[in-house]
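Trainee: I have a structure here, written as structure tokens, and I will follow up with some questions on it.
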Amino acid sequence: MTSNERGSRCLKGLSVDRVPQQLTYLPWAQEHHPEELKKILDDFPADIGYAPCELTKPPIGGGDPYEPGQIYTDDWGCKFETIQRGVFGEIVEPLVKEDD
């Protein structure tokens, strides 16, 4: 079964040979264990791709989410401080400031 067939059948609720998969990993894994990561990606190829996207206006986010010492702003405006290289940072300015 091809990735396309697998994904299409799964979305329609039909039987598939296995669940479609897409491995998400942090740059830390690529930096510290590139051979092991390559083997995992070779053993478990992705079934899910990314659709092309053309934005009509640029996103508000900016910065490098994986570079230490930087404040990264995501596309919703939430600010994060990166502490460890290759790992996503901690929230320093959340969008929701109160729980009511």
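The values are calculated or read from the model by the stated rules, or taken from the named source; none is laboratory data. Everything quoted here is computed from the prediction, not taken from an experiment. Cβ coordinates were reconstructed from backbone atoms using ideal geometry, including for glycine residues, and neighbour counts include every protein chain displayed.
The rows are residues; the columns are (1) among the aromatic types (Phe, Trp, Tyr); (2) in contact with a Cys (Cβ under 6 Å, 6 or more places away or on another chain); (3) surrounded by 10 or more Cβ atoms within 10 Å (Cβ to Cβ).
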site	(1), (2), (3)
VAL19	no, no, no
GLU35	no, no, no
GLY49	no, no, yes
GLY62	no, no, yes
TRP76	yes, no, no
LYS79	no, no, yes
ARG85	no, no, yes
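Trainee: Related question: So which of LEU41, LEU14 is among the aliphatic types (A, V, I, L, M) and surrounded by 12 or more Cβ atoms within 10 Å (Cβ to Cβ)?
Mentor: Values: LEU14 fails: surrounded by 12 or more Cβ atoms within 10 Å (Cβ to Cβ).
Going through LEU41, LEU14 in turn, the sole match is LEU41.
Trainee: Looking at TYR72, TYR25 in this structure, which one is of a type in the set (Phe, Trp, Tyr), touching a Leu at 6+ places or on another chain (Cβ under 7 Å) and at pLDDT 90 or above?
Mentor: Values: TYR72 fails: touching a Leu at 6+ places or on another chain (Cβ under 7 Å).
Matching residue, one of TYR72, TYR25: TYR25.
Trainee: Sticking with this structure for a sec: For ARG6, are the conditions met, namely being basic (Lys, Arg), over 30 Å from THR82 (Cβ atoms), surrounded by 11 or more Cβ atoms within 10 Å (Cβ to Cβ) and at pLDDT below 95? Break it down stepwise before answering.
Mentor: Numbers: basic (Lys, Arg): yes; over 30 Å from THR82 (Cβ atoms): yes; surrounded by 11 or more Cβ atoms within 10 Å (Cβ to Cβ): yes; at pLDDT below 95: yes.
Yes, satisfied.
Trainee: While we're on this one: Where residues in the stretch 87-100 are of a type in the set (D, E, K, R) and modelled with pLDDT under 90, which of them is surrounded by the fewest Cβ atoms within 10 Å (Cβ to Cβ)?
Mentor: So in the stretch 87-100, the residues of a type in the set (D, E, K, R) come out as 90, 93, 97-100.
Adding the requirement that they be modelled with pLDDT under 90 leaves 97-100.
On the way: LYS97: 6, GLU98: 4, ASP99: 4, ASP100: 2.
My answer is ASP100.
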